[in-house]
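Please treat every number below as a calculation from the coordinates, not as lab data. Note that the coordinates shown come from a computational prediction; the quantities given were computed from them, not determined experimentally. Virtual Cβ from ideal backbone geometry, glycine too; neighbours counted across all protein chains shown.
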Amino acid sequence: MMIDQIARILANLALALDYSGEIIDADDVVKIQEIMGSDMQALDLESRRMLSDAFRRIAPEYDGDFRKAVQSMPEDFGLEDEDLD
């Protein structure tokens, strides 16, 4: 599914930012993630649901802490908030 590929790209980017250590300034990481979350929240309700489901579907592809991080991305990026419409 195309939405799974998009979720995988977003998850990989978010994980790279989270685990970049001191390569990327922590404040910059937060700013980038806030922008990503805002852009995802701007999606229509059905698209947010599809993306949330895709994050959960692809999470088992990751190990350990990465899996937990991907599973929590729908909540972390505010995709679960239906009041956004």
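A few comments on the model shown:
- Residue check, Ala14 surrounded by 15 or more Cβ atoms within 10 Å (Cβ to Cβ) and touching an Asp or Glu at 6+ places or on another chain (Cβ under 7 Å): no
- Residue pairs meeting the criteria (Cβ under 7 Å; at least 6 apart or on separate chains; first in contact (Cβ under 8 Å) with a residue 40 or more places away in the chain and of a type in the set (Ser, Thr, Tyr), in region 48-75; second surrounded by 13 or more Cβ atoms within 10 Å (Cβ to Cβ) and assigned to a helix (DSSP H, G or I)): Tyr62/Val70
- Residues in region 16-28 that are under 19 Å from Tyr62 (Cβ atoms) and either in contact with a Phe, Trp or Tyr (Cβ under 7 Å, 6 or more places away or on another chain) or among the hydrophobic types (A, V, I, L, M, F, W, C) (or both): Ala16, Leu17.
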